[in-house]
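The values are calculated or read from the model by the stated rules, or taken from the named source; none is laboratory data. Predicted, not measured: the structure shown is a model, and the values here were computed from it. Neighbour counts run over all protein chains shown; Cβ positions are idealised from the backbone, glycine included.
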Amino acid sequence: MSGETDLVILLQSLSARLADGVYVFVTLEDGVVPAGLRPRMMFREAEGTTLILLRTEAEEHGLAFEFPCRMITLEVHSSLAAVGFIARIATALARHGMGVNPVSGFYHDHLFVPEGRAAEALRILSEIAQGKAG
């Protein structure tokens, strides 16, 4: 299995990168993604297909959206089987009244935090890596 599973190593080696742009969540009932859209994530649910994409793309295509947010990529290569990593991060953010929508990719975890709170989230993540939070 690829990626790190040891929670202590994951937390100590935690570094984060803020992506450019503001992201939003969109749902499509029919699941048909309009031509030209390049979602960061797509997930099919019984009620519809969720897309995470740049707000500018959603606006250009006239799509209704929710939760304007910033994407933070956790630079450590965490295993998909790692236990407690996202829970520790989500708990630390929750202590500061911040919701987070995490998405796990094969190589990295990505956090979608409320627009306007990215700097605070990055500070909290740095504190976690230094053993000062979480």
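Side notes on the structure shown:
- The sole residue among Leu111, Leu80 that is under 16 Å from the mean Cα position of the chain (by Cα), outside any helix (DSSP H, G or I) and closer than 13 Å to Leu14 by Cβ is Leu111.
- Some residue of the range 43-52 being surrounded by fewer than 15 Cβ atoms within 10 Å (Cβ to Cβ) and closer than 23 Å to Ser2 by Cβ: yes
- For the range 53-84, the set of residues classified as of a type outside the set (Val, Ile, Thr), under 17 Å from Arg123 (Cα atoms) and modelled with pLDDT under 95 consists of Glu75 only.
- Residues satisfying the criterion are present in the range 48-68 (criterion: over 22 Å from Tyr107 (Cβ atoms), touching a helix residue (DSSP H, G or I) at 6+ places or on another chain (Cβ under 6 Å) and part of a loop (DSSP other than H, G, I, E, B)).
- The residues of the range 114-134 that are in a helix (DSSP H, G or I) and among the polar types (S, T, N, Q) amount to a single one, Ser126.
- Test result for Arg55, surrounded by 15 or more Cβ atoms within 10 Å (Cβ to Cβ) and basic (Lys, Arg): yes
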